[in-house]
Amino acid sequence: MEKTPFHAKPERPAPTSAAGVAGAIAADWRRGLPVLASEKFTLRELRPDDAPSMLAYLGTAEVARFISPPPTTVQGFERFITWTHREREAGACACYGVVPAGCDHVVGLFQVRALETGFVTAEWGFVLGSDYWGTGLFLGCARRVLEFAFETIGALRLEARAAVMNGRGNGALRKVGAVQEGVLRRSFKRGGQFLDQVLWSILAEDWHLQRRGRPPVVH
Ligand SMILES: CC(C)(COP(=O)(O)OP(=O)(O)OC[C@H]1O[C@@H](n2cnc3c(N)ncnc32)[C@H](O)[C@@H]1OP(=O)(O)O)[C@@H](O)C(=O)NCCC(=O)NCCS
């Protein structure tokens with residue numbers, strides 16, 4: 001997770017073959033993300049004019065402390081937004097902007113990206129502006145994104161990585177029902193330091209059990 005949402009982003013070439021084009025538009029979400037809404041928030045596709053609010057909410061040192069460094073300019077966020085659209089068209093990544101009820105600006109991101117062709121194993125990452133920490137916005141959005149990942153995309157396993165030192169990130173993952181699988185030693189370079197990360201997972205079957213109020217079966 002720590003490398004999402006702002007991990008290194010090599011340019012993805014446009015599909016060249018007919019099969020590639022057909023593959024790229026095989027699922028509806030690849031043509032445009034479905035809006036996921038509740039009375040407290042809307043999760044929607046990013047737009048170029050979201051860049052200034054993303055810089056204001058997600059560009060602070062406090063928010064970025066344990067994740068890959070976010071862009072430092074509006075133009076940098078605009079490039080990031082364009083990249084998310086290309087990745088979605090290619091069926092590689094879905095990136096949602098979080099808009100709280102009563103606002104018209106994005107204050108956070110949830111990203112789900114494929115770790116292998118076909119999206120069987122995927123990774124998710126999230127970030128919210130610190131004004132919204134501890135408000136319940138995370139949990140509400142996370143549940144909708146999990147539903148999208150398992151029921152719309154069809155992922156079977158969703159991983160997340162959180163720096164061991166990231167108390168809020170690990171607490172948030174535990175709260176949403178993720179299972180801690182182990183520690184990836186010195187797996188994330190941040191600010192010239194190599195950090196240990198906790199590897200978390202949620203399986204599609206965990207998700208379905210959770211919806212019936214039951215805990216995941218680990219072994
Ligand atoms: C990760 C993030 C989206 C979670 O949103 P949030 O609103 O802070 O999350 P919540 O408050 O709902 O949940 C965090 C939980 O961790 C707990 N927590 C906070 N600090 C903690 C600490 N140092 N150690 C252990 N648990 C801690 C909180 O008490 C809370 O649990 P509770 O609701 O049962 O009390 C937000 O903190 C964020 O954007 N952080 C910066 C980006 C980031 O680190 N993203 C990577 C996550 S892997």
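The values are calculated or read from the model by the stated rules, or taken from the named source; none is laboratory data. Keep in mind that what you see is a predicted model, and the values were worked out from it rather than measured. We place every Cβ from the backbone using ideal geometry, glycine too, and count neighbours over all the protein chains shown.
Among the numbered criteria (1) more than 22 Å from Ser38 (Cβ to Cβ); (2) modelled with pLDDT under 95, which one does Trp207 miss?
Going through the list (1) more than 22 Å from Ser38 (Cβ to Cβ); (2) modelled with pLDDT under 95, Trp207 breaks only (1).
Restricting attention to the range 132-187, which residues are of a type in the set (Gly, Ala, Ser) and part of a strand (DSSP E or B)?
Ala160, Ala162, Ala163, Gly182, Ser187
Considering each residue of the range 164-189, count those that are charged (D, E, K, R) and more than 11 Å from the ligand (Cβ to nearest atom), and give that number.
Count: 4.
Asn170 is checked against (1) more than 24 Å from Gly213 (Cβ to Cβ); (2) in contact with a strand residue (DSSP E or B) (Cβ under 7 Å, 6 or more places away or on another chain) and fails just one. What number does that condition carry?
Among (1) more than 24 Å from Gly213 (Cβ to Cβ); (2) in contact with a strand residue (DSSP E or B) (Cβ under 7 Å, 6 or more places away or on another chain), Asn170 violates only (1).
Taking the conditions exactly as written (under 25 Å from Tyr57 (Cα atoms) and in contact with a Ser or Thr (Cβ under 6 Å, 6 or more places away or on another chain)), does Val127 satisfy them or not?
So Val127 does not fit the description; no.
Just need a number here: residues in the range 181-219 that are in contact with a helix residue (DSSP H, G or I) (Cβ under 8 Å, 6 or more places away or on another chain) and of a type in the set (Val, Ile, Thr).
3
Across the range 101-127, what is the number of residues that are touching a Cys at 6+ places or on another chain (Cβ under 8 Å) and within 11 Å of the ligand (Cβ to nearest atom)?
Total meeting the criteria: 5.
Give me a count of the residues in the range 65-98 that are closer than 25 Å to Gly167 by Cα and either free of Cβ contacts under 8 Å to residues at least 40 places away in the same chain or part of a loop (DSSP other than H, G, I, E, B) (or both).
So the answer is 8.
Please go through the range 26-64 and give me each residue that is assigned to a loop (DSSP other than H, G, I, E, B), more than 14 Å from the ligand (Cβ to nearest atom) and not aliphatic (A, V, I, L, M), ordered by number.
Gly32, Pro34, Ser38, Glu39, Arg47
Inspect the range 209-217 for any residue being over 19 Å from Glu62 (Cα atoms), within 10 Å of the ligand (Cβ to nearest atom) and of a type outside the set (Ser, Thr, Tyr) and give the result as yes or no.
Checking the range 209-217: not a single residue is over 19 Å from Glu62 (Cα atoms), within 10 Å of the ligand (Cβ to nearest atom) and of a type outside the set (Ser, Thr, Tyr).
In the range 26-54, which residues are of a type outside the set (A, V, I, L, M, F, W, C), out of contact with any Gly (no Cβ under 8 Å at 6 or more places or on another chain) and closer than 14 Å to Pro100 by Cβ?
Glu39, Thr42, Ser53 - these are the residues of the range 26-54 that are of a type outside the set (A, V, I, L, M, F, W, C), out of contact with any Gly (no Cβ under 8 Å at 6 or more places or on another chain) and closer than 14 Å to Pro100 by Cβ.
Residues being more than 7 Å from the ligand (Cβ to nearest atom), within 22 Å of Thr60 (Cβ to Cβ) and either polar (S, T, N, Q) or free of Cβ contacts under 8 Å to residues at least 60 places away in the same chain (or both): count how many of those fall in the range 131-163.
1
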